[in-house]
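Contents: one structure, followed by commentary.
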Amino acid sequence: MELNEKRMISRLAELGRVGIDAEGRRIRLAADDADRAGRDLVMGWMREAGLRTAVDRIGNIFGIWETEENRGRDAVMTGSHIDTVINAGQYDGCYGVIAGIEVIASLREAGLRTERPLAVAAFTNEEGVRYSPDMMGSLVYAGGLSAEAACASVGIDGTVLGEELERIGYAGTEEPGFLKPAAFVELHIEQGPILEAEGYRIGAVEDLQGISWQRITIEGEQNHAGTTPTSYRHDAGVAAAKVITFMRGRCLQPGSRTVSTTGCIEFSPNAINVIPDKAVFTVDVRNPDESTLQAEEKALAAFLEELEKTDGVRIRTERLSRFKPVLFDAGIVRLVEKYAGKHGLSCRRITSGAGQDAQNMALLCPTAMIFAPSHKGISHNPAEYTADEDLIAGAEVLADVLGELAEAH
Ligand code: GLV
Ligand code: MN
Ligand code: MN
């Protein structure tokens, strides 16, 4: 079976050109206009590949290849997402969707028969930038969140996801979970430095770390920047800074695998000569071990309690997202290794540091992932890059793994 490699690479670039703003930043947030344009492209490619398309109530889109003989059987599924972060690269998520379309098209074009239907999905709001939680579409698909609750999510811009899906024409009618998966395999770029640094071409992803997202609001007292002696201050900005450095300190403890990020922060009134009375910021904490992640959350909560006393501030926390670490299916991980070997590709087992739609699909069926190397480990950045030959190698492994799972012959 031959993949149309050129078509896959050029589609990736074409989708990558959708949603570039006036400042040259790539932004396709869930259910915005750019996301609609990206979805339209992907749906067109699915149809071109001869796939039946479907959209479910949370806006997940599917391209399904089924035949008279295998219709009604559980499907072997692949896919990822096409929404992006702000100022994103072109590979994150899009690679898995476009390669998935290509692989299924190639199996079809090669005249192969499969015992099971094959399907490729593009899940809604994986990034979680506009609406929380992240990995939302796959979570709904897997039954971990109702479509109603997800559609009622209010975004960072005050919009309601369900209304936005209606507006862009992607509030579908299929019930999430309508297509029963026999297995799910997601192809994705690594987004970290390990494969390239160690000289591997393929990552067989065996697990994925847990993710904890909170929004923290600290309220202090607005006052004059020049006249207020330090001991009189209740500075929400300083308190926020203490939280950030406290979490960095946890990450730097010997042997710690915790990572912590504050990617959003807002002070108010946000003026150069005014002590902020309010700081609103996010904390994204991750660890591959659930009990350690819980310990980090407890330590943060205790620190916030202490901070209220020492700094004379009030603190409120909101949970935005929480995912436990996931162990992928050992059988599929072995298949990834087997087919990497068949293609002469060096392969190593690896943990996903990023959240992935696969972690939710793992609630439904045997699931694993394939990683392609990320140059210098850069991701969530326009400089994100994976060499064409690595993209092609990953897709070839995906094709063989899906072929075996679907019993192609
Ligand atoms: C998804 O990209 C994540 O935040 O890991
Ligand atoms: Mn992704
Ligand atoms: Mn991402």
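The values are calculated or read from the model by the stated rules, or taken from the named source; none is laboratory data. Source: prediction; values computed, not measured. All Cβ positions, even for glycine, are placed from backbone atoms using ideal geometry, and neighbour counts span all protein chains on display. Only protein heavy atoms, including side chains, enter the accessible area calculation; ligands, DNA and RNA are left aside. Shrake-Rupley method; radii C 1.70, N 1.55, O 1.52, S 1.80 Å.
Laid out as a table, the results:
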read-out	value
Accessible area per residue, Å², region 211-323 with all protein chains present, probe 1.4 Å	55
Carbon/sulfur fraction of accessible area - the chain, other protein chains in place, 1.4 Å, %	50
C-alpha long axis of helix 5-16 to longest principal axis of the chain, angle in °	30
Value of D in µm² per second that Stokes-Einstein yields for region 332-409, Kirkwood Rh from Cα pairs, at 4 °C (1.567 mPa s)	94
GNM top mover of E68, E164, E396 - the chain, alpha-carbon springs below 10 Å	E68
Tail fraction, Cα-Cα pairs, region 211-323, threshold 20 Å, whole percent	41
Choice from G249, G355, G100 showing the highest fluctuation, given a GNM over the chain with Cα pairs closer than 10 Å	G249
Cα convex hull of region 277-409 - mean projected area over all directions, nm²	11.6
Cross-link reach list, lysines versus K342, counting only Cα pairs under 26 Å and skipping chain neighbours closer than eight places	K6
Computed over region 43-177, the ratio Rg/Rh where both radii use C-alpha atoms and Rh is Kirkwood	0.99
Per-residue SASA entry for T245, accessible area with 1.4 Å probe, Å² rounded to 10	90
Relative contact order of the chain, pairs being alpha-carbon contacts under 8 Å that are 6 or more residues apart, as %	23
Dipole-positive endmost among G100, V18, I156 within the chain (Cβ charges, Cα centre)	I156
Cα centroid separation - region 253-307 against region 322-351, whole Å	33
Amide H contacts of L320 (H built 1.01 Å from N, under 5 Å, at least 5 apart or other chain)	W213, Q214, R215
Angle in degrees between helix 236-251 and the longest Cα principal axis of the chain, rounded to the nearest 10	50
Tilt relative to the chain, helix 94-109 - C-alpha long axis, 0 to 90 degrees, to 10	10
GNM top mover of D33, D357, D277 - the chain, alpha-carbon springs below 10 Å	D277
Rg followed by Dmax, in Å, when the chain is reduced to its Cα trace	22.4, 80
Largest to smallest accessible area among K6, K324, K338 [probe 1.4 Å]	K6, K324, K338
Estimated 222 nm signal from helices in the chain, with DSSP H stretches of n ≥ 4 weighted -39500 (n - 2.57), rounded to 500	-10500 deg cm²/dmol
Average accessible area per residue (Å²) across region 53-141 - probe 1.4 Å, nucleic acids and ligands excluded	23
26 Å Cα-Cα reach of K242 towards lysines, excluding residues that sit fewer than 8 places from it in its own chain	K278, K298, K309
Inter-centroid distance (Cα atoms) of region 5-30 relative to region 177-238, Å	24
Cα-based convex hull volume of region 111-258 per residue, rounded to whole Å³	226
Mean Cβ count within 10 Å, highest first, over the residues of peptides 154-160, 131-137, 210-216	131-137, 210-216, 154-160
